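The numbers here are math on the coordinates, done by the rules we state, and not lab data. Here the structure is a predicted model, which means the values were calculated and not measured. When we count neighbours, we look across all protein chains shown, and the Cβ atoms used for this are built from the backbone with ideal geometry, even at glycine.
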Amino acid sequence: MVTATATVDGSSKPQGIARLWRRELPHYPTVGPRVAYLSIVVLTTILFYYQYYVISGVSDQVIATTGASFMFFVNINVVSALASAITSAVGGISDKIGRANIVTVGVFLCAVVCTFGFPYAHGKWSVAILYTLLGAIEGTVLVATPALVRDFSPQMGRASAMGFWTIGPVAGSLITSAVITNTIAHLGAWQDEYVISGVVGFCVFLVSLIWLRELSPQLRDQVMVSERDRALVEAKAKGIDVERALQRPFAQMLKGDIVGPALAISVFLIIYYTAVGFFPLFFQTVFGYSTSEANALGNWMWGFQAFALVAIGWSSDRLRVRKPFMLVGAVGAVITTLVFMDMARHQGTSFTAFAVVLSVLAITLGLTFAPWMAAFTETVERRNPALSATGLSIWGLLLRLVVTVSTFLLPYVVHSVTTVADYGTVAQAAAAGKDPSLTKAQNAIVKEVVANPGIVTKVESLANTYKAELATAAKIDPATQAALNANPNDTNAELKALGEISGANQAAVLQGAGIYLASPGPVATIGNIDPATQRALLANPADAAALAKAAGEVSAATHVSAAAAQAQVHALVSLPSQDLSFMVTTGAPVISAINQLVALSAVPTSATDYLTKYGTPLQDPKVQSTLELLQKVQTAQQRSQNEWQHYFWIAVAGEIVFIPLMFLMAGFWDPRKARREEEAHEAMIAEELAKLG
């Protein structure tokens, strides 16, 4: 049986099992319980972002195993971010129906998707649908969780609380990087990473279901500046008109001092979402890092940012100001991003150097974001404290829209990343000699060429130098060539080679070989004379014009003097007429073959060995296509460094845009003025409490 007790606003207090869905607190909690509730909110936020960021940490495996192109993968992120933007816009409904149940149900749904959805996602469309679902759930929580933090934190401690909450996205990134770094090499598939996150999700769901609470509408619809406001807030809660405060919510919140800063922080965080979504891919494709190494950089970045968020939030509350921290952080982010961009131009930049500069960048982001969250909720409260979630939903919508647009633009700004992402894994395997589609010999030649690109250049040079000789070798049967290689003086192999080169019958080959053995010089000479000139000499060996023309042709072909060329021609025409006739007419192909074979035998052994070792394997179509792919990926990698610079400039522009828009927010610059305002508020509280008795 369910029982109930009376609360401060006259409603019944749920007892028993009803506490699992009736979560409203009748009184503003004291410090201990409030810290506990805030801790649960942060825990759920960490979980959501951990689950949402897993896909970035295993992006290369997802692309490789699902058949998705990089463009498709980017569009998965775009659609998911758009779904998150839409649900962020409707997240303001938590002003009416409460926050805690939305968060608890969201934790449960994400756990189900991760545990029972992704393990069976082996195609690109199933991954797309599941990741879009995660995005839609995350968008709602993006609004509900900071709204809970705002409800449970007075303004004087707001930056600390918001810094605590902001650990959620950052710690989610850190946990994603740490878990993947330490488990990816030991697990069977990338889907196992989602199983881990899903099991953790069910554990957090139980914590949230049993212990997470929220303020009643009458309590949360007021502004809490300090702890001393608690009694006054509870007293005023008895007369708050909640329905009236919630009328026309977006009309009340769509103001310049809310929309401007919300847009400002959204573009400021482009570098953060680039780091979360694409830094693993960037370092893998541009700098050749492994999945573990790329995620290890994230460990450094998110670890420092988590520390900075809490430390800066505490400092902002101690000094009672937000804007000085935001300004210093924004300027520092611009400078640090520019330093990172310069380092990213050079392949020689070390892992340690990247770790240091990214850690500094993370600190500057924390220096800005924790005070901004506090200042933004205070600005929303300045308009209407009853519509905190509505104001946060505007921020959530703009943030996700900016993420959607910036993600969509990535492949159009960094054109080469598509090639590298689509073929990078295959290219890495081929370069290591481990391409499963190639034989052992094919893998060996590809690996050797990758290690020494000069092999291809040398083969091309030798092939060009001995082009005619290689054409001759191509006509010879491999068995015949093997016999000649074994014994260059093998007469039978030579005669067989002459027949294969010339296509003549055995009798013609024997006659031609006999002429060559008797007069090797004239046989070589006739090969340098044009066929028309040969026929003129055959018709009249004493034809002065034909003799002169033949000498000129020999001189041009062999680069000998005119006198030497004339001597060779005279030796040729001095042969018996039947031999000369054979060389010019029916035996011409055999004589040509003899000259070709002689030229082939004159090729240096080192050149033939080199061409045998590398030339033939490099003519293999599969080897050629693999090397072409490697060249394509290498060219894309070289271009991608400059193209990534263009994308990083967009992030720098966002950081610069943030600076002037931050001036629209509530808050003081001078700690002394902030303290005077606080003292005046304390005096007002004391006066009001005195009136209330």
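Assorted remarks:
- Rounded Å value of the spacing that divides the Cα centres of segment 621-656 and segment 514-568: 59
- Estimated at 0.36 nm per residue, the fully extended path between Thr585 and Tyr120 surpasses their Cα-Cα distance by 159.7 nm.
- If the chain linking Thr635 and Val456 were pulled fully straight, counting 0.36 nm for each residue of separation and taking away their Cα-Cα distance, it would gain 62.8 nm.
- Each residue of segment 593-605 was assigned a 3J(HN,Hα) from its phi angle through the Karplus expression (A = 6.51, B = -1.76, C = 1.60, θ = phi - 60°), giving 5, 4, 4, 5, 5, 4, 4, 5, 5, 7, 5, x, 4 Hz with x at Gly and Pro.
- Between Trp211 and Val560, the simple spin-label model (points 7 angstrom out along Cα→Cβ) gives 10.2 nm.
- Ranked by the mean number of other Cβ atoms within 10 Å of their residues, highest first, the peptides 456-467, 197-208 fall in the order 197-208, 456-467.
- Computed from the C-beta positions of Gln578 and Ser601, the FRET efficiency with R₀ = 25 Å rounds to 0.35.
- Most tightly packed first, judged by the mean number of other beta-carbon atoms within 10 Å of their residues, the peptides 54-65, 372-383, 344-355 read 372-383, 54-65, 344-355.
- Estimated FRET transfer efficiency when R0 is 30 angstrom, pair Gln624-Gln645 (beta carbons, to 0.05): 0.35
- Stretching the chain fully between Ala471 and Ser437 yields a gain of 9.2 nm (0.36 nm per residue, less the alpha carbon separation).
- Under-20-angstrom lysine pairs by C-alpha in segment 464-618, whenever the two are 8 or more apart or on separate chains: 4
- When each of Arg34, Arg672 is scored by the number of other beta-carbon atoms lying within 10 Å, the sequence from fewest to most is Arg672, Arg34.
- Highest to lowest packing among 134-141, 443-450, scored as the average C-beta count within 10 Å: 134-141, 443-450
- What the phi angles of segment 486-499 give under the Karplus curve with 6.51, -1.76 and 1.60, with θ = phi - 60°, is a coupling list of 6, 8, x, 9, 5, 4, 4, 5, 5, 5, 5, 5, 4, x Hz, glycine and proline written as x.
- Where a label projected 7 Å from the Cα of Asn464 along Cα→Cβ would reach, residues of segment 569-611 with amide N under 17 Å: 611
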